[in-house]
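Working notes, structure below.
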Amino acid sequence: MSEIKFLDPLTKHLEKLPGVGKKTAQRYAYHIIEKMTEEEVDEFAKELVQIKSTLTHCTICGVLSNQSVCEICHSTYRDHTQIMVVKDTKDVFAIEKTGQYNGVYHVLKGLISPLEGIGPDDLNIDSLEKRIDENVKEVILATSFTPSGETTALYLEKILKKDHIVVSRIGYGLPAGGDIEYVDELTLKRAIDSRVNSKS
């Protein structure tokens with residue numbers, strides 16, 4: 001018996017997780033069935049169902065949250081004249097760890113990628129345009145320096161050009177082709193500090 005066929009249904013679900021190939025999925029499936037007790041599996045399953053059903057996205061910025069308006073958007077201590085645009089919730093967590101940024105965010109829920117069939121209409125861009133009013137002074141583009149990140153940033157620069165706001169881009173210290181969520185805190189802090197005006 002070269003493969004554990006009866007674990008295939010579980011393995012196929014685990015393979016959908018990022019960075020998990022078939023062999024790793026099989027090991028995870030084997031561990032769940034062979035090493036975890038029925039009580040642990042039951043608790044694990046309940047937690048998955050509960051967290052999936054209770055978590056939502058902030059109706060303002062789109063970040064993953066347990067309430068309709070996230071703590072950041074709701075806070076009166078944050079600078080609501082600055083909006084930092086990021087790919088996903090993981091990027092928000094990474095930037096928050098630096099303690100360097102006190103504005104608010106906008107989560108795109110992805111990046112423009114023609115090769116993957118992802119266009120502007122597939123992202124959370126319309127709601128970003130609606131947020132740009134006379135109170136917003138700066139939009140900081142914090143997409144990664146990958147082809148998709150660059151394409152997205154260029155697109156946003158074009159549609160957000162307005163006289164009363166500055167559109168800037170984080171830059172210094174971030175490696176080409178790198179994702180924000182994997183960058184160390186010091187490098188990310190420097191990148192935020194040294195953002196440049198995209199119109200210059």
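The values are calculated or read from the model by the stated rules, or taken from the named source; none is laboratory data. Since the model is a prediction, treat every value here as computed from it, not as a measurement. Counting neighbours? That spans all protein chains shown, and the Cβs are built from the backbone with ideal geometry, glycine included.
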Residue ID - farthest from A94 (Cα to Cα), chosen from residues in region 148-161 that are among the charged types (D, E, K, R) and in contact (Cβ under 8 Å) with a residue 24 or more places away in the chain: K161
Across (1) within 30 Å of I170 (Cα to Cα); (2) of a type in the set (G, A, S); (3) in a helix (DSSP H, G or I), A25 clears everything bar (1)
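Which of the following residues is loosely packed, with under 15 Cβ neighbours inside 10 Å, in the same structural domain as G103 (by TED's automatic domain parsing), assigned to a helix (DSSP H, G or I) and not polar (S, T, N, Q): K162, K158? Full working, then the answer.
On the way: K162 fails: assigned to a helix (DSSP H, G or I).
Of the residues listed, the single one that is loosely packed, with under 15 Cβ neighbours inside 10 Å, in the same structural domain as G103 (by TED's automatic domain parsing), assigned to a helix (DSSP H, G or I) and not polar (S, T, N, Q) is K158.
Being within 30 Å of the chain's Cα centre (by Cα), in a helix (DSSP H, G or I) and surrounded by 11 or more Cβ atoms within 10 Å (Cβ to Cβ) is the filter here, so list the residues in region 1-22 that pass it. Walk me through it before giving the result.
Taking region 1-22 as the starting set, the residues that turn out to be within 30 Å of the chain's Cα centre (by Cα) are 9-22.
Next, from what is left, pick out any that are in a helix (DSSP H, G or I): 9-14, 22.
Of everything in region 1-22, those that are within 30 Å of the chain's Cα centre (by Cα), in a helix (DSSP H, G or I) and surrounded by 11 or more Cβ atoms within 10 Å (Cβ to Cβ) turn out to be L10, T11, K12, H13, L14, K22.
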Can K130 be described as basic (K, R), modelled with pLDDT of 85 or more and within 17 Å of the chain's Cα centre (by Cα)? no
